[in-house]
Amino acid sequence: MLNHYKKYLLITNLSLLAACSNHLSDGTTNNSLIIKPVIVSEKVQFDSDDPAIWVNPQNASESLVIGTDKATDGALYVFDLQGKIQHNLVVKGLRRPNNVDIAYGLMLNGKATDIAITTERITHKLRIFSLPDMKPVDNGGLPVFEGETAPEFRDLMGISIYTSKTGKMYAIVGRKTGPKDGTYLWQYLLTDDGTGHVKADLVRKFGKYSGKKEIEAIAVDNELGYIYYSDEQFGVRQYYADPEKGNEELALFATTGFKEDHEGISIYKTTATAGYILVSDQGANQFHIFNRAGTAKNPFDHELLKIVKVAANHSDGSDIVNVPLNETFKHGLFVVMSDDKTFHYYRWEDIAGKNLKLKK
């Protein structure tokens, strides 16, 4: 009787596992088992929205996660790799900071300076802070979308930094809404203003917009020189990051299978040219993972490889790095916003499972 019961349990468990997998139209598998984070950060005060990871070049185990607290009296929170708030580094009093990004080596006062840059929606300014001390280097903020007068056309949301192979550093900025004429995103060259502070010079306007909702999530692939952004409820668009290469749209993908908004975009690189593009399916608490390199015939054909469900709820922003940080994050760290005022830390190997690669 006992052996029969064990056999019944085995069959039942196998049936449940089979029920947890459903095949996608392209033959890939959606495993509906929820991936749990290894660390959940301490809570911000109001509304967690978007994270960015700064890798400490001297000691990777002392790397930091910077996350926005999106409120009228908001903040940039700084966490260690255990999810603990570094209170001496938190920047408060920001006017609805939305998204945040990290860049390395901007020359200020003749010194290579790592920076955290965030969009301050209410003031229509970029705010920039040096890392790891989180000191302002922006003279109180850099106004963007100047001259725009339509409602919400200056309400900043998305931000990503492109560092070219020549060392030039550009901010690509999105907003709450904008025109449909291919100029939704504005790109600014970041340089020293001569006093050790950052200035931003407009170099181009580009980017198609469906008009369905908004464009918030922006990601840059520095090595390959591409910009990706989420046209929410429509798809992910791809452009050249170098303004000299023009404003042609290179790809539109992720147009089906999303429950609600297309949100955070993160790029995990296994080599200089290969890896994965992770896009948040916000309403389904999951990420669609696409091939970064495209196909041999078409580098802009980003195949859907896998869908991963995560414990983070209604995830908006995310960020990922592929370098070993400590004993917990040996193959990289994936940080995901959750709507309970926290950020979830995932190991890349847990997201990758058996069918995605680690960094070579």
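The values are calculated or read from the model by the stated rules, or taken from the named source; none is laboratory data. Since the structure is predicted, the reported quantities are computational estimates derived from the model, not experimental observations. Quick reminder, even Gly has a Cβ in these numbers, built from the backbone with ideal geometry, and neighbours come from all protein chains shown.
Worth a mention:
- Restricting attention to segment 56-82, the residues that are surrounded by fewer than 20 Cβ atoms within 10 Å (Cβ to Cβ) and out of contact with any Gly (no Cβ under 7 Å at 6 or more places or on another chain) add up to 11.
Condition check ((1) buried (at least 20 other Cβ atoms within 10 Å of the Cβ); (2) under 27 Å from A272 (Cα atoms); (3) without any contact (Cβ under 8 Å) to a residue 40 or more places away in the chain; (4) not hydrophobic (A, V, I, L, M, F, W, C)) across all residues:
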{"site": "H87", "(1), (2), (3), (4)": "no, no, yes, yes"}
{"site": "V90", "(1), (2), (3), (4)": "no, no, no, no"}
{"site": "L94", "(1), (2), (3), (4)": "yes, no, yes, no"}
{"site": "L106", "(1), (2), (3), (4)": "yes, yes, no, no"}
{"site": "N109", "(1), (2), (3), (4)": "no, no, no, yes"}
{"site": "A112", "(1), (2), (3), (4)": "no, yes, yes, no"}
{"site": "G140", "(1), (2), (3), (4)": "no, no, yes, yes"}
{"site": "E152", "(1), (2), (3), (4)": "no, no, yes, yes"}
{"site": "M157", "(1), (2), (3), (4)": "yes, no, no, no"}
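- Assessment of segment 215-230 against the conditions (under 18 Å from L278 (Cβ atoms), touching a His at 6+ places or on another chain (Cβ under 8 Å), touching a residue at least 12 places away in the same chain (Cβ under 8 Å) and in a strand (DSSP E or B)) yields at least one matching residue.
- Failed condition for K360, given (1) buried (at least 23 other Cβ atoms within 10 Å of the Cβ); (2) more than 21 Å from I66 (Cβ to Cβ): (1)
- The listed residues are N98, N88, N109, and the only one of them that is out of contact with any Gly (no Cβ under 7 Å at 6 or more places or on another chain), more than 18 Å from G317 (Cα to Cα) and polar (S, T, N, Q) turns out to be N88.
- Contact map, segment 245-270: first residue more than 17 Å from D316 (Cβ to Cβ), second residue modelled with pLDDT under 95 and loosely packed, with under 14 Cβ neighbours inside 10 Å, Cβ cut-off under 8 Å, separation 6 or more or different chains; pairs are T270/L358; T270/K360.
The rows are residues; the columns are (1) touching a Leu at 6+ places or on another chain (Cβ under 8 Å); (2) among the aliphatic types (A, V, I, L, M); (3) outside any strand (DSSP E or B); (4) closer than 18 Å to K269 by Cβ.
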| site | (1), (2), (3), (4) |
| --- | --- |
| F287 | yes, no, no, yes |
| K297 | no, no, yes, no |
| L305 | yes, yes, no, yes |
| H314 | no, no, yes, no |
| I320 | yes, yes, no, yes |
| Y345 | yes, no, no, no |
| L356 | yes, yes, yes, yes |
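- Test: residue in segment 328-342 that is closer than 22 Å to I161 by Cβ, assigned to a loop (DSSP other than H, G, I, E, B) and at pLDDT 95 or above: yes
- Summed over segment 233-282, the residues that are on the phi > 0 side of the Ramachandran plot and either touching a helix residue (DSSP H, G or I) at 6+ places or on another chain (Cβ under 8 Å) or assigned to a loop (DSSP other than H, G, I, E, B) (or both) give a count of 4.
- Screening Q187 on (1) without any contact (Cβ under 8 Å) to a residue 60 or more places away in the chain; (2) on the phi > 0 side of the Ramachandran plot shows it passes everything except condition (2).
- Checking each residue in segment 166-184 for being part of a loop (DSSP other than H, G, I, E, B) and touching a residue at least 60 places away in the same chain (Cβ under 8 Å) picks out G167, G182.
- Only one of the listed residues (N322, N298) is without any contact (Cβ under 8 Å) to a residue 12 or more places away in the chain and closer than 25 Å to L224 by Cα. That residue is N298.
- Segment 258-283, residues that are more than 17 Å from K359 (Cβ to Cβ) and buried (at least 17 other Cβ atoms within 10 Å of the Cβ): F258, D261, H262, E263, G264, I265, V279, S280, D281, Q282
- Any hit, segment 173-195, residues being touching a Phe, Trp or Tyr at 6+ places or on another chain (Cβ under 6 Å), of a type in the set (A, V, I, L, M) and closer than 16 Å to T123 by Cα: yes
- Qualifying residue in segment 13-32 (condition: on the phi < 0 side of the Ramachandran plot, at pLDDT below 95, of a type in the set (S, T, N, Q) and part of a helix (DSSP H, G or I)): yes
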